[in-house]
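This report concerns only the one structure given below.
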Amino acid sequence: MKTAVITGAGGAMGSYLVEALEKQGVTCILVERERDLLGRLTHMLDGNRHFFYKADFTNQKDIQNVISDITSKHKKIDYLFNVAGIGIYKKLEDLTLSEWRASMDINLNSVFMFSKGLLPLFKKSEDAMVLSFGSGMGIYPSKNRVAYCTSKFALRGMSLTLSKEFKGRGVDFVLLTLGSVMTDFGTGGLIYRKKLEQNGKKYLNVDEVIDKVMQITNSPSRSDEYPLYPEGYGNESKS
Ligand SMILES: NC(=O)c1ccc[n+]([C@@H]2O[C@H](COP(=O)([O-])OP(=O)(O)OC[C@H]3O[C@@H](n4cnc5c(N)ncnc54)[C@H](OP(=O)(O)O)[C@@H]3O)[C@@H](O)[C@H]2O)c1
């Protein structure tokens, strides 16, 4: 029986991922800011099979509490999916220090804390994997998005480095590097994205992303990075 920790469990991609894992019989440990934000997943928490933790990743103590409770209740963790993220798309003049810090806390520091904190439990698994949701904006510099780009560049550096560090040691660190996906993510959200789509911009849909995640999860051998981009992605960064 496999056990997975999913951060951002109630979000657009997180919630579909949880459903796909549950379908496959994986025990899911859902981490979200509020139980109410789990939306249609709350039914999963009726029995004893799945677990829920409330944590705001801008608060270090919240993350520490989650890690120590998981450690006290579970003997091993097979998968950690770092899905939580925020996209504050602002130019430097408008960006506040607290927005910058929140971007680093949620997109980067939480991944470090969960990866390090749950390491003893990964080592008990025969097939441990830490899969983080990276972004093409962690490869292509994109103007007016300095907080988001910086956090995702650093996340990429962390994941690729740890992939090397743990090669042959039973924990696969994997980065899923995504282009734009049709969700409510980031400044502007879904309405803005729908408008851009009408003007020809291409988006991945959530299903194809989650199919890819499940393919990677079930693969007997994994790469350190999987880019998944819609057609034409990255052209904006050339301007
Ligand atoms: N959509 C895209 O175009 C795209 C492209 C490339 C990469 N990604 C990455 O994919 C991941 C998921 O994005 P998505 O599209 O599914 O967006 P989403 O629906 O907004 O999901 C983001 C998740 O992060 C959680 N989160 C935000 N702030 C938090 C905090 N302070 N503490 C704990 N959790 C917090 C959200 O919780 P709440 O429900 O409380 O807000 C939500 O569950 C992100 O890491 C994003 O960077 C997305």
Taking the Cα centre of the chain as origin and charging only Cβ (+1 Lys, Arg; -1 Asp, Glu), how large is the dipole, in debye to the nearest 20? 380 debye
Exposure proxy order (Cβ contacts within 10 Å, fewest to most) of 40, 101, 222: 40, 101, 222
Projected area averaged over orientations for the stretch 95-239, convex hull of C-alpha atoms, nm²: 9.4 nm²
Does the stretch 23-76 classify as rounded, prolate or oblate by the C-alpha gyration tensor (a ≥ b ≥ c root eigenvalues; a/c under 1.5 gives rounded; else a/b over b/c gives prolate, otherwise oblate)? oblate
In sequence order, what are the phi-derived ³J(HN,Hα) couplings for the stretch 203-210 according to the Karplus relation 6.51 cos²θ - 1.76 cosθ + 1.60 with θ = phi - 60°, rounded to whole Hz, with x for glycine and proline? 10, 6, 9, 4, 4, 5, 5, 5
With a ≥ b ≥ c from the Cα gyration tensor eigenvalues, square-rooted, and the rule rounded for a/c under 1.5, otherwise prolate when a/b > b/c and oblate otherwise, the stretch 190-239 is oblate
Under the classification rounded if a/c is under 1.5, otherwise prolate if a/b is larger than b/c and oblate if not, where does the stretch 1-148 fall, given a ≥ b ≥ c as square roots of the Cα gyration tensor eigenvalues? prolate
Round to the nearest 10 and give me the degree value, 0 to 90, for the angle of helix 12-23's Cα axis relative to the longest principal axis of the chain. 30 degrees
Helix 60-73: angle to the longest alpha-carbon principal axis of the chain, degrees 0 to 90, nearest 10? 30 degrees
Can you check what the net charge comes to around residue 210, using other residues whose Cβ is under 14 Å from the Cβ of residue 210 (Lys, Arg +1; Asp, Glu -1)? -3
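So which trypsin sites (Lys or Arg not before Pro) in the stretch 104-163 end up in coil per DSSP with only 12 or fewer other C-beta atoms within 10 Å?
Filter output for the stretch 104-163: 143.
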Hey, what do the phi angles of the stretch 172-177 turn into as Karplus ³J(HN,Hα) couplings, whole Hz, using 6.51/-1.76/1.60 and θ = phi - 60°, x for Gly and Pro? 8, 9, 10, 10, 9, 9
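Just so you know, all these numbers are worked out from the coordinates, no wet-lab data involved. Just so you know, these numbers come straight off a predicted model, no measurement behind them. We place every Cβ from the backbone using ideal geometry, glycine too, and count neighbours over all the protein chains shown.
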